[in-house]
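The values are calculated or read from the model by the stated rules, or taken from the named source; none is laboratory data. Just so you know, these numbers come straight off a predicted model, no measurement behind them. Reconstructed Cβ throughout: ideal geometry from the backbone, glycine too, with neighbour counts over all protein chains shown. In case anyone asks, the SASA skips ligands and DNA or RNA and just uses the protein heavy atoms, side chains included. Shrake-Rupley method; radii C 1.70, N 1.55, O 1.52, S 1.80 Å.
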Amino acid sequence: MGNLGSVNLAAHTTENGLDEELIARTVRTAVRMLDNVIDINYYPTPEARAANLRHRPVGLGIMGFRDALYK
C-alpha cells in the first residue's frame, strides 16, 4: 500500500524558468502531508498497518512537464 502524489511543474514555472524556492516548499509540504496520511489511514489488516508504520512508503511524482517546457 503506497501513498502517492504529484507536483504540477507548470504551476511552478515563471517566465524566468522553474521557481526553485516555490517547488522546494511544495515538495516539503507534499511529503509531510503524505507522511501524515500513513498515521491516519485505514488499514484492512494489522499486518498492512504495521508494514506502513514501519516503512512509511510515499511516492511523489511530477506532472505538467511538457506544459512547463512550453511556458
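Against the conditions (1) over 16 Å from the mean Cα position of the chain (by Cα); (2) open to solvent by less than 50 Å² (accessible area, probe 1.4 Å); (3) in contact (Cβ under 8 Å) with a residue 40 or more places away in the chain, where does Leu18 fall short? Just the number, please.
Going through the list (1) over 16 Å from the mean Cα position of the chain (by Cα); (2) open to solvent by less than 50 Å² (accessible area, probe 1.4 Å); (3) in contact (Cβ under 8 Å) with a residue 40 or more places away in the chain, Leu18 breaks only (2).
Quick check on my filter: what residues within region 23-71 are within 16 Å of the chain's Cα centre (by Cα), over 15 Å from Leu4 (Cβ atoms) and open to solvent by less than 60 Å² (accessible area, probe 1.4 Å)?
Ile23, Ala24, Thr26, Thr29, Gly64
Can you run down the residue pairs with Cβ atoms below 8 Å, 6 or more apart or on separate chains, where the first is in region 27-39 and under 13 Å from Arg49 (Cα atoms) and the partner is part of a helix (DSSP H, G or I)?
Note: pairs meeting the criteria are Ile38/Asn52; Ile38/Leu53; Asp39/Leu53.
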